[in-house]
Structure formats: C-alpha cells, structure tokens
Amino acid sequence: MVIGGGQAGLSAGYHLKRRGFDGDFVILDAAPAPGGAWRERWESLRMATVNGIFDLPGFAKPPLDPDEPSRTAVPRYFAAFEDQAGLPIKRPVQVIAVRPGPDRELLVETDQGTWAARAVINATGTWTNPVRPYYPGQETFAGLQLHTRDYVSAERFAGLRVAVVGGGISALQQLEEISRVATTLWYTRREPIFRDGAFEPEGAGREIIAKVVADVEAGRPTGSVVSYTELAWTPYALAARSRGALDRRPMFTAIEPYGVREADGSFTSVDAILWATGFKAALAHLDPLGLRNELGGIRMTGTQVAADPRIHLIGFGPSQSTVGANRAGREAVAALVKYLRVPVQR
C-alpha cells in the first residue's frame, strides 16, 4: 500500500511495479487529479522560480516554459508519467487512520472503505499540515489573515500594510511579490542566514543530508528545510533586498485588532498578516501505530521506521526534496522486498 500520489508516491509505485508487485499494491491519493501538492501552489509561482523538479524515474521531463505556473506544468508532467507507467492509483481517497490488524496486517481506514496491507509506504508530504502559530490576541485581529497554503497572488494585498511572518523559501518568495504592490514588514523568530556562494549538491548538499539523516536516525524531530540549508541569494531575494523588503524585525509579542505589538513594546499598524510559517509532515493518520518517541520524533533506519519495519516514510526528513523523494521510493521498495521475503516469527 502506498499512501500519497505526489512525486514520492509515484516513484514508489514505479519501483513496486518493476520489482514484481504489479497487481499486489495500490496507491491511494487524496487529490482529485494528478499533481500532488503542486496542484495547490499559488498562481504566481512560475517554473522559473521553483527550486527544481527532478525527473520521475524512467520518464524525463519535457521542455517546460519558465513562465508557466507550476500548478499547471508539474501536474501535467505527473499525469503523463502515471499514464506511461500504468500505476494502480485510486483517487480521491482520504486515508483516515492506519491501525494494527490481525496476523501482522495493517488496516488502512479511508473514506472509501478499509484496505488490509502487509506494509505501508507513506508519501503524504506536508502540504495538508500547515504550521499556524498562535500569538495572544490573534482572534481579535480585524484585518486579513492567511497562511501560505491559502495564498494566491500579491494582488489581494495591494495598497495594504502587510506583516509577512516566516524565514523560509516560501516566505521570501511571497515577501518579494507582495512588496511590489504593498508595504511589507518582515518578521522572523530568528535572524535569517543567507548562504554565501552557490549551493553545491556534491559538497554542502551531502553535508546537509547527513545532518538530517543523523536527526531521523536518532529519533529527533527534524527542522525546516532552511534550518539546514540556509537561504540563498536567488533573483527574488536580490529583488526584495533592492527594494528594502529584507529589513527583518524580531517576532511581535501580541496581535491587536489593528496591528501588532512589537518585541520592544511599541505598536505597529498592519492591515494583513501572512503566516508563511511552513508545514510539518502530515502523519496524523499513523498516530494509532504509536510511532513517535518521547522527543516527538520518529526514529528511522533509511526509509524504514525503526519501531515498525512494515512502515516506510518517504518524502520525509532527508527525502523531502524531489530528487530525495525519487531515491527514497526506490530504497523503500528495495527494503520491503527483503522484509516481505523473511518469514514472520510467531
């Protein structure tokens, strides 16, 4: 059983089929059509701006228009891959819970019934689990509040005073866009760190992955992508700096009907707050299995959950990138081939 039909789930399905599981697995996807979370990205996120889409296994991307919205270009590519690979995908199917079943089976409860599975490859990503911090007085705010997940375009903020909260890549992209049409105020919990020079996958990239792997192998909760990679001086970051939008403020301490209370006690009037505060892994449906430890993390060995070798998490921890998701799909299937051939000890 594969849960999730984004890049990681499609990669897992491809490798399951290649390794002889054809007819013995299904991919359950909550979305109504191909594309995973890319279907819901904001309209102004163009292919020239995304961090890169790695080819799905055995299926190279066609030339993509850099000016096309990612929310149409990537789903079209995913749909073509699904057709070519002939994957057994059922959608829309919302997984509600995965529970222990009889005889070492797992019971996957959904809004379309219950499936029994010998193992689960979970590829649910993060898009459905946005982080929404709470600050005192938040419910009294009279202006507009929304999360990155609800962001469509900067035009909604035209002429307003906008507090953009968050220090990640999406926050920086949206800050730059909104600063073209509005007055922006940038708030982060920590001082943002910009990386000097280009990102080298063979150098810094390997070192960063090693840090994330160390965290998941130790069962520690992983941080945001930027907490490992730092921010890059991309064209949009340089554009934001050129118009003075990167004048970062420490986090405000409270929210009032018409603005925010600054860390120094002063008041700043704002008309809107954009919570560009990121996402966490969408794993609530796995809670009945008791996979989390006392730290709140899930200890892993490769893609396999240490506490339950029937469960693999891909697109998680070190495999959150598109290239990482591809590799994790292959690795999870290889590990399951070995595991499922071992007789169950009773």
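The values are calculated or read from the model by the stated rules, or taken from the named source; none is laboratory data. This is a predicted model, so every value here is computed, not measured. We place every Cβ from the backbone using ideal geometry, glycine too, and count neighbours over all the protein chains shown.
See the values below:
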item	result
Subset of region 105-122 (residues that are hydrophobic (A, V, I, L, M, F, W, C) and closer than 13 Å to Lys90 by Cα)	Trp115
Residues within region 36-86 that are within 24 Å of Ile178 (Cβ to Cβ), over 19 Å from the mean Cα position of the chain (by Cα) and of a type in the set (D, E, K, R), tallied	2
Residue, surrounded by the most Cβ atoms within 10 Å (Cβ to Cβ), within region 1-55, restricted to residues that are more than 22 Å from Trp115 (Cα to Cα) and of a type in the set (Gly, Ala, Ser)	Gly35
Leu246 vs. criteria of a type outside the set (Val, Ile, Thr), within 24 Å of Ala154 (Cβ to Cβ) and part of a loop (DSSP other than H, G, I, E, B)	yes
Top-ranked residue of region 306-324 - restricted to ones that are of a type in the set (A, V, I, L, M) and crowded, with 20+ Cβ neighbours inside 10 Å, ranked as nearest to Met1 (Cα to Cα)	Ile311
Test: residue in region 12-20 that is without any contact (Cβ under 8 Å) to a residue 24 or more places away in the chain, closer than 30 Å to Asp150 by Cα and assigned to a loop (DSSP other than H, G, I, E, B)	no
Filter result (within 24 Å of Arg18 (Cβ to Cβ), hydrophobic (A, V, I, L, M, F, W, C) and touching a Lys or Arg at 6+ places or on another chain (Cβ under 9 Å)) within region 88-126	Leu106, Val108, Ala117, Ala119, Val120
Residue in region 275-291 that is without any contact (Cβ under 8 Å) to a residue 40 or more places away in the chain and either within 22 Å of the chain's Cα centre (by Cα) or in a loop (DSSP other than H, G, I, E, B) (or both) present	yes
Filter result (touching a helix residue (DSSP H, G or I) at 6+ places or on another chain (Cβ under 9 Å) and either in a strand (DSSP E or B) or under 27 Å from Pro235 (Cα atoms) (or both)) within region 54-67	Phe54, Asp55, Leu56, Phe59, Lys61, Pro62, Leu64, Asp65
Positions within region 172-203 being more than 21 Å from the chain's Cα centre (by Cα), part of a helix (DSSP H, G or I) and modelled with pLDDT under 95, in sequence order	Glu202, Gly203
Condition met for Val74 (surrounded by 14 or more Cβ atoms within 10 Å (Cβ to Cβ), assigned by TED's automatic domain parsing to the domain that holds Trp42 and in contact with a Leu (Cβ under 8 Å, 6 or more places away or on another chain))	no
Criterion violated by Gly278 - all others in (1) surrounded by fewer than 20 Cβ atoms within 10 Å (Cβ to Cβ); (2) in contact with a strand residue (DSSP E or B) (Cβ under 8 Å, 6 or more places away or on another chain); (3) within 24 Å of Gly167 (Cβ to Cβ) satisfied	(1)
Check on Val74, touching a residue at least 12 places away in the same chain (Cβ under 8 Å), under 30 Å from Asp308 (Cα atoms) and either in a helix (DSSP H, G or I) or of a type in the set (Val, Ile, Thr) (or both)	no
Residue under evaluation Lys90, criteria (1) loosely packed, with under 14 Cβ neighbours inside 10 Å; (2) under 18 Å from the mean Cα position of the chain (by Cα), criterion not met	(2)
Failed criterion for Gly317 (all others in (1) within 22 Å of the chain's Cα centre (by Cα); (2) at pLDDT below 95; (3) over 30 Å from Trp186 (Cβ atoms) hold)	(3)
Extreme residue, surrounded by the most Cβ atoms within 10 Å (Cβ to Cβ), among residues of region 213-272 that are without any contact (Cβ under 8 Å) to a residue 60 or more places away in the chain and among the acidic types (Asp, Glu)	Glu262
Residue in region 292-303 that is nearest to the chain's Cα centre (by Cα), counting only those that are surrounded by fewer than 20 Cβ atoms within 10 Å (Cβ to Cβ) and either of a type outside the set (D, E, K, R) or closer than 30 Å to Val181 by Cα (or both)	Gly297
